[in-house]
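The values are calculated or read from the model by the stated rules, or taken from the named source; none is laboratory data. Model, not experiment: these values are computed from the prediction. Cβ: placed from backbone, ideal geometry, glycine included. Neighbour counts: every protein chain shown. The accessibility values were calculated without ligands, DNA or RNA, using every heavy atom of the protein model including side chains. Shrake-Rupley method; radii C 1.70, N 1.55, O 1.52, S 1.80 Å.
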Amino acid sequence: MYTKKALSESLKRFMQTKPFSKITVSEIIEDCGLNRKTFYYHFSDTRDLLKWTFEQEAIEVVKGFDLLIDYEDAILFTMDYIEKNQHILNCVYDSVGRDELKIFLYNDFFEIGNMIVSGAEKAVGKSLPEEYKKLVVMFYTEGIAGIIIEWMRGGIKYDKATTVEYISSLFKNGLPSIIRNHIS
């Protein structure tokens, strides 16, 4: 774990001064005093390292929340993480673009969305057919990812509290209604 964290910290340092797409494995291993074989033992490339970094610092923390009860705290944590790591996230965005960033984070966001929808099903006491559930999860995943990226880029001018309130309203009011009113 120490080696992975050292590589992650090195990547983040480089992202303070250059575009993500210009950072090389050679620079990272030289900065850490490691060899190439060690890097490739842990990661396939710099994107894999970046994904691991995001997962360790944010995604795994969000998955640890009880997303049925604490989703507002999870959203707030995510927004705080974005603020704290604004430069790094903008570096990634500027290097790979909006769509690529969404794709990059999609699987983790999808898993979180699935946890939220499953929790709502349990709370309502009704299950959606698998195909429809997948569509609902995709809808919320795309929406959350888009909103978070827009907020990160300054396209949403609401403060954090308002943004959390609006997203929360979509979960609280939207999901139970979708589940209750689905005709099987």
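Selection over segment 130-184 of residues that are of a type in the set (F, W, Y) and surrounded by fewer than 18 Cβ atoms within 10 Å (Cβ to Cβ) gives a count of 4.
At least 3 residues being open to solvent by 40 Å² or more (accessible area, probe 1.4 Å) and modelled with pLDDT of 95 or more is the threshold, and among the helices (runs of 4 or more DSSP H) wholly inside segment 3-58 those reaching it are 25-32, 36-42. Here D66 meets each of (1) surrounded by fewer than 18 Cβ atoms within 10 Å (Cβ to Cβ); (2) at pLDDT 80 or above with one exception, condition (2). Remark: pairs (first residue in segment 104-129, at positive phi; second residue at pLDDT below 85 and charged (D, E, K, R); Cβ separation under 8 Å; 6+ apart in sequence or on different chains) are absent.
Every residue, every condition in (1) within 18 Å of T53 (Cα to Cα); (2) charged (D, E, K, R); (3) out of contact with any Lys or Arg (no Cβ under 7 Å at 6 or more places or on another chain); (4) open to solvent by 30 Å² or more (accessible area, probe 1.4 Å), yes or no:
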| site | (1), (2), (3), (4) |
| --- | --- |
| I75 | no, no, yes, no |
| Q86 | yes, no, yes, yes |
| L89 | yes, no, yes, no |
| G97 | no, no, yes, no |
| K102 | yes, yes, yes, yes |
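Checking the structure you have, find out if any residue of segment 120-127 is at pLDDT 80 or above, in a helix (DSSP H, G or I), open to solvent by 70 Å² or more (accessible area, probe 1.4 Å) and under 18 Å from P176 (Cα atoms). Within segment 120-127 (the criterion being at pLDDT 80 or above, in a helix (DSSP H, G or I), open to solvent by 70 Å² or more (accessible area, probe 1.4 Å) and under 18 Å from P176 (Cα atoms)), the answer is yes, since at least one residue qualifies. Selection of segment 81-103 for residues being assigned to a loop (DSSP other than H, G, I, E, B) and either touching a residue at least 24 places away in the same chain (Cβ under 8 Å) or in contact with a Gly (Cβ under 9 Å, 6 or more places away or on another chain) (or both) yields only N85.
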